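These notes are about the structure you will find just below.
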Amino acid sequence: GAVVSQHPSWVICKSGTSVKIECRSLDFQATTMFWYRQFPKQSLMLMATSNEGSKATYEQGVEKDKFLINHASLTLSTLTVTSAHPEDSSFYICSALGAGLLAKNIQYFGAGTRLSVL
Amino acid sequence: GESVGLHLPTLSVQEGDNSIINCAYSNSASDYFIWYKQESGKGPQFIIDIRSNMDKRQGQRVTVLLNKTVKHLSLQIAATQPGDSAVYFCAESSSGGGNKLTFGTGTQLKVEL
């Protein structure tokens, strides 16, 4: 149980294009999902909190118009990196809060998406 | 802001030995702590968690110890195996923090045969 699927696992795109990353909770409902960014050999940095049916809450310094988040259902949140530039290249990871599970405070993570912007 | 940090960036142990990974936190309001294991190129995997009303919690081959007096958290892995090689992160949250986790810097565990 508590499986989170993230797609795609790796994407290469040209500078100026937009990339959408999907995060799905496969066997539980998640009213809250989180998006993180991770640079090589560094820790996870929270970018935003995604709440089903409402606007995402962004951390300080994260551009909401650059990183669009949509939490359209209880099992799906998407992150769109708009007008991507090489400095956006990173490992993006989502997590889902197991609110419907016994372990409701645990964040379950997807496998991550490696974005490379040329 | 508040931060969670680790004492050792890299820990090398012999297969079969016990491993101890340490973590210090600074937010006195933290009341929930969690350990994750991250293998290269993958997302973090839940290992074990503990609430601030407990000092110790055991899982399968893992034990988490919490010392609130000195704001210290540790993860003990018994009989370390090659498959335990990964980066281990501690993370903390507080009741008023909206379930947001603050991650530590991570410790690379290397298991030598």
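Summed over the range A:23-70, the residues that are in contact with a Lys or Arg (Cβ under 7 Å, 6 or more places away or on another chain) and of a type in the set (D, E, K, R) give a count of 0.
Can you tell me which residue is modelled with the highest pLDDT among those in the range A:40-55 that are assigned to a loop (DSSP other than H, G, I, E, B) and within 12 Å of chain B (Cβ to nearest Cβ)? So that I can check it myself, show each step before the final result.
Start the filter on the range A:40-55 by keeping residues that are assigned to a loop (DSSP other than H, G, I, E, B), which leaves A:40-43, A:52-55.
Checking which are within 12 Å of chain B (Cβ to nearest Cβ) leaves us with A:40-43.
Numbers: A:Pro40: 86, A:Lys41: 86, A:Gln42: 90, A:Ser43: 93.
This residue is A:Ser43.
In the range A:14-27, the residues that are free of Cβ contacts under 8 Å to residues at least 40 places away in the same chain reach residues that are surrounded by fewer than 12 Cβ atoms within 10 Å (Cβ to Cβ) with C-beta atoms within less than 7 angstrom, at least six apart or across chains, in these pairs: A:Asp27/A:Gly1.
Only one of the listed residues (A:Ala48, A:Ala30, A:Ala2) is of a type in the set (A, V, I, L, M, F, W, C), surrounded by 12 or more Cβ atoms within 10 Å (Cβ to Cβ) and at positive phi. That residue is A:Ala2.
Can you say whether B:Val87 is surrounded by 16 or more Cβ atoms within 10 Å (Cβ to Cβ), more than 24 Å from A:Pro40 (Cβ to Cβ) and aliphatic (A, V, I, L, M), as far as the supplied structure shows? Let's see the steps before the verdict.
Details: surrounded by 16 or more Cβ atoms within 10 Å (Cβ to Cβ): yes; more than 24 Å from A:Pro40 (Cβ to Cβ): no; aliphatic (A, V, I, L, M): yes.
Criteria not met by B:Val87.
Looking only at the range B:27-57, how many residues end up being more than 14 Å from B:Tyr88 (Cα to Cα) and either in contact with a Gly (Cβ under 8 Å, 6 or more places away or on another chain) or aromatic (Phe, Trp, Tyr) (or both)?
Filtering the range B:27-57 for residues more than 14 Å from B:Tyr88 (Cα to Cα) gives B:27-32, B:50-57.
Okay, now just the ones that are also either in contact with a Gly (Cβ under 8 Å, 6 or more places away or on another chain) or aromatic (Phe, Trp, Tyr) (or both), so B:29, B:32.
Residues meeting the conditions: 2.
Residues that are surrounded by fewer than 20 Cβ atoms within 10 Å (Cβ to Cβ) and at pLDDT 90 or above were ranked within the range A:97-114; the one that is nearest to B:Ile48 (Cα to Cα) is A:Ala111. Here's a check for you: in the range B:97-113, which residue that is surrounded by fewer than 20 Cβ atoms within 10 Å (Cβ to Cβ) and outside any strand (DSSP E or B) is farthest from the other protein chains (Cβ to nearest Cβ)? Looking at residues that are surrounded by fewer than 20 Cβ atoms within 10 Å (Cβ to Cβ) and outside any strand (DSSP E or B), I get B:Leu113. Residue count for the range A:9-21 satisfying the condition of being under 11 Å from the mean Cα position of the chain (by Cα) and within 14 Å of another protein chain (Cβ to nearest Cβ): 1. Of all residues in the range B:90-107, those satisfying the criterion of being touching a residue at least 12 places away in the same chain (Cβ under 8 Å) and closer than 21 Å to A:Gln42 by Cβ are B:Cys90, B:Ala91, B:Glu92, B:Ser93, B:Leu101, B:Thr102, B:Phe103, B:Gly104, B:Thr105, B:Gly106, B:Thr107.
Among all residues of the range A:75-82, there is none that is away from every other protein chain (no Cβ under 14 Å) and under 30 Å from B:Thr10 (Cα atoms). Report, by residue number, each residue of the range A:60-74 that is farther than 18 Å from A:Glu22 by Cβ and surrounded by fewer than 13 Cβ atoms within 10 Å (Cβ to Cβ). If the condition is that a residue be farther than 18 Å from A:Glu22 by Cβ and surrounded by fewer than 13 Cβ atoms within 10 Å (Cβ to Cβ), then A:Gln60, A:Gly61, A:Glu63, A:Asp65 are the ones that fit. Would you call A:Arg37 within 12 Å of chain B (Cβ to nearest Cβ), basic (Lys, Arg) and surrounded by 15 or more Cβ atoms within 10 Å (Cβ to Cβ)? Considered against the rule, which asks whether it is within 12 Å of chain B (Cβ to nearest Cβ), basic (Lys, Arg) and surrounded by 15 or more Cβ atoms within 10 Å (Cβ to Cβ), A:Arg37 comes out as yes.
The values are calculated or read from the model by the stated rules, or taken from the named source; none is laboratory data. Since this is a predicted model, take the numbers as computed values, not measurements. Quick reminder, even Gly has a Cβ in these numbers, built from the backbone with ideal geometry, and neighbours come from all protein chains shown.
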